[in-house]
1. State whether one or more residues within the stretch B:245-261 are away from every other protein chain (no Cβ under 14 Å) and either part of a helix (DSSP H, G or I) or of a type in the set (K, R) (or both).
2. Looking for whichever is open to solvent by less than 30 Å² (accessible area, probe 1.4 Å) and not acidic (D, E) here; the options are B:A103, B:A59. Which one fits?
3. Within the stretch A:33-65, can you find the residues that are more than 7 Å from DNA strand D (Cβ to nearest atom), part of a loop (DSSP other than H, G, I, E, B), within 14 Å of another protein chain (Cβ to nearest Cβ) and closer than 25 Å to B:A59 by Cβ?
4. If we keep just the residues of the stretch B:79-96 that are open to solvent by 50 Å² or more (accessible area, probe 1.4 Å) and at the interface with chain A (Cβ under 8 Å from one of its Cβ atoms), which is nearest to the chain's Cα centre (by Cα)?
5. Only one of (1) assigned by TED's automatic domain parsing to the domain that holds B:H191; (2) open to solvent by less than 40 Å² (accessible area, probe 1.4 Å) fails for B:G303. Which number is that?
6. Residues in the stretch B:30-55 that are within 11 Å of DNA strand C (Cβ to nearest atom) and closer than 26 Å to A:E125 by Cβ: how many?
Protein chains: 2
Amino acid sequence: MENPSGTKKLGVRALAKMTGFSTGTISRVLNNSALVNAETRRQVLEAIDKAGYTRNPAARALATQRTKTIGAVVPTLAHSIFARFLNAIEQELAGRGYALVIATSGEDADTEERRARELIDLGAEGVILSGAVHNVSLLEFLSAGKIPVICTSVCKGQNGLPAIGYDNAALGQKALRFLVSLGHKNLLVLHGPKQNNDRTRLRIEGVMTGASETGAKVQLLETTLDVAGGTKSAADYFSSKHPGASAVLCLSDVLALGVLFEAGRRGISVPGDLSLMGFDDLDWAAHSVPSLTTIRLPTARMGTHVAKALMGKLDSAEPIETLRLDAEIVQRESVADVKT
Amino acid sequence: MENPSGTKKLGVRALAKMTGFSTGTISRVLNNSALVNAETRRQVLEAIDKAGYTRNPAARALATQRTKTIGAVVPTLAHSIFARFLNAIEQELAGRGYALVIATSGEDADTEERRARELIDLGAEGVILSGAVHNVSLLEFLSAGKIPVICTSVCKGQNGLPAIGYDNAALGQKALRFLVSLGHKNLLVLHGPKQNNDRTRLRIEGVMTGASETGAKVQLLETTLDVAGGTKSAADYFSSKHPGASAVLCLSDVLALGVLFEAGRRGISVPGDLSLMGFDDLDWAAHSVPSLTTIRLPTARMGTHVAKALMGKLDSAEPIETLRLDAEIVQRESVADVKT
DNA sequence: CTGAAAGCGCTAACAA
DNA sequence: TTGTTAGCGCTTTCAG
């Protein structure tokens with residue numbers, strides 16, 4: 001009579017009735033508490049299984065004040081660099097029973113704020129942001145709610161926010177120095193939209209620092225952040241009056257792929273006629289012809305660290321430390337000494 | 001005295017006290033109910049803003065029995081095809097206040113089941129799965145909980161489950177026919193791991209159907225699903241005793257990129273010496289040299305449909321209809337008529 | 001249009 | 001080791 005047609009969703013209460021134990025005991029079993037008799041646990045588990053019981057996560061969250069959910073807002077999922085990053089986070093979180101909720105901002109700060117607030121509204125206990133530049137109102141909102149945040153892909157957060165990532169400026173500088181050390185004095189630097197993207201701005205900044213320090217001449221060219229952007233810019237540049245550069249540095253590998261294609265189309269030999277360097281070390285970089293010299297960003301490692309830091313904070317109140325991960329130049333076939 | 005040091009988290013109750021209205025009214029305002037006096041609403045909103053109130057999503061979920069969360073289990077995020085898919089889903093869901101929780105299975109059915117259950121346990125109201133083949137125990141679990149599921153990337157679900165995707169077998173067949181129609185009679189077909197991947201198996205099946213129907217000779221070669229797999233297989237094949245194929249059909253674009261690179265390395269002209277065709281239409285396919293003939297999968301459209309179907313089911317109990325999306329061949333430079 | 005009150009299903013003291 | 005009993009914070013009838 002209690003459960004006419006198996007239709008009513010059953011809860012701890014029903015289980016208690018079925019097994020003869022109390023809801024407290026049921027709850028203990030559900031939470032793997034050590035204070036339960038083995039036989040009791042067995043019986044309860046059996047009932048749970050037989051009844052096809054599933055616990056109500058909302059009720060649990062309400063009672064414990066924990067949702068075990070963390071939110072990430074990234075510019076887009078369409079770039080494998082972010083997908084790889086989230087993949088690593090997800091793996092790490094899953095191992096400890098956390099869920100990852102994702103949202104995309106399209107590199108827009110207002111959208112980012114809106115989406116981040118939505119994530120909080122949906123129960124995220126911690127938030128992962130990309131880059132160091134965010135709306136102040138968002139940061140105030142988060143700090144008011146005491147919600148842990150981590151800025152990623154950068155090594156210095158805004159307003160003292162913790163960051164886990166790499167030093168974009170230093171890497172840009174490193175890349176430029178490397179090329180100069182090979183004898184290149186005239187460089188073309190291709191990059192994606194600067195607007196709303198502080199990682200790109202930092203890389204450019206580093207490149208310029210390296211340029212003035214070495215006296216190399218660099219020309220900056222901004223384009224869309226995709227293969228098409230790479231081919232188009234390369235085409236424009238090669239057709240321009242003074243192509244003169246002996247090397248092209250792309251601040252993203254996707255752009256380098258475009259350049260590589262365009263060079264092939266025009267019969268420009270890489271690295272014979274032109275050296276090419278990227279940034280990211282995507283999947284294909286080791287296999288292209290020529291293979292691409294690039295900077296290997298520690299994307300996956302970054303994801304793992306971010307996840308761990310957030311869980312440490314949430315589970316054990318460990319402070320989140322800013323972390324700068326190293327990234328190295330992976331030298332492959334696409335660059336060569338400048339002809340003497 | 002009520003709120004000593006601004007430390008205690010305030011709720012509807014506190015707001016009620018502050019504004020002089022009842023918690024019911026506060027709740028109505030929070031939910032944009034029409035039954036609230038404009039002035040009352042204004043006052044409440046002001047208080048909410050001033051107090052920096054944020055509603056507790058768990059309590060809301062418990063009271064409404066809705067979490068507005070849907071879960072997706074995909075093999076991996078590392079392949080842009082899935083990232084693109086999820087991106088579209090996320091965009092669509094976000095517009096209606098739903099959140100997307102993702103989990104990865106690594107193409108393993110048991111892991112998939114585990115992860116799907118976790119998602120449910122975390123509050124997912126609906127589940128998105130990749131492919132048509134899943135553990136029966138998972139499907140039973142889902143149907144027992146009356147949790148809507150959609151199989152994606154396929155056009156026919158297991159056990160009558162709804163599916164939204166494309167007809168992999170038909171597309172494989174279509175691709176093969178296309179190549180044969182160009183005069184190719186001897187083909188190499190490169191594909192990723194068949195195990196635990198019914199989409200790949202279906203594509204192969206279609207290819208074989210096309211082969212027997214046209215009398216074309218096809219050689220299957222399985223490899224890892226990445227650029228490296230493409231280059232390696234191509235290298236092996238080109239070095240083999242009887243390379244004879246006049247065209248290579250890759251059941252994923254990433255493999256085609258690898259083949260393209262390897263052909264370039266060996267001075268094999270595409271499509272002069274060898275035609276090359278892919279499957280997916282990734283970002284770079286239109287820009288490679290030669291540009292890649294491929295099958296454009298409606299990934300984003302699929303995501304949009306999936307999201308809409310799930311929300312329709314959840315919000316308005318609309319049944320989820322299986323949907324087969326069309327995919328077309330995008331003809332570009334990488335294929336040519338076989339030399340006569 | 002607004003208030004009062006009854007839960008949603010679970011967990012966590014506190015007792016026993 | 002197990003039972004009892006309050007809530008967690010919000011929504012939602014039902015009155016008024």
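The values are calculated or read from the model by the stated rules, or taken from the named source; none is laboratory data. Remember, it's a predicted structure, so these values are computed and weren't measured experimentally. Note that we place each Cβ from the backbone using ideal geometry, even for glycine, and neighbour counts take in every protein chain shown. Protein only, heavy atoms only, side chains kept; ligands, DNA and RNA dropped before computing areas. Shrake-Rupley method; radii C 1.70, N 1.55, O 1.52, S 1.80 Å.
1. Among the residues of the stretch B:245-261, not one is away from every other protein chain (no Cβ under 14 Å) and either part of a helix (DSSP H, G or I) or of a type in the set (K, R) (or both), which makes the answer no.
2. The match here is B:A103.
3. Across the stretch A:33-65, the qualifying residues are A:Y53, A:T54, A:R55, A:N56.
4. Step by step, filter the stretch B:79-96, then rank; the result is B:R84.
5. Unmet for B:G303, out of (1) assigned by TED's automatic domain parsing to the domain that holds B:H191; (2) open to solvent by less than 40 Å² (accessible area, probe 1.4 Å): (1).
6. Of the residues in that region, 0 qualify.
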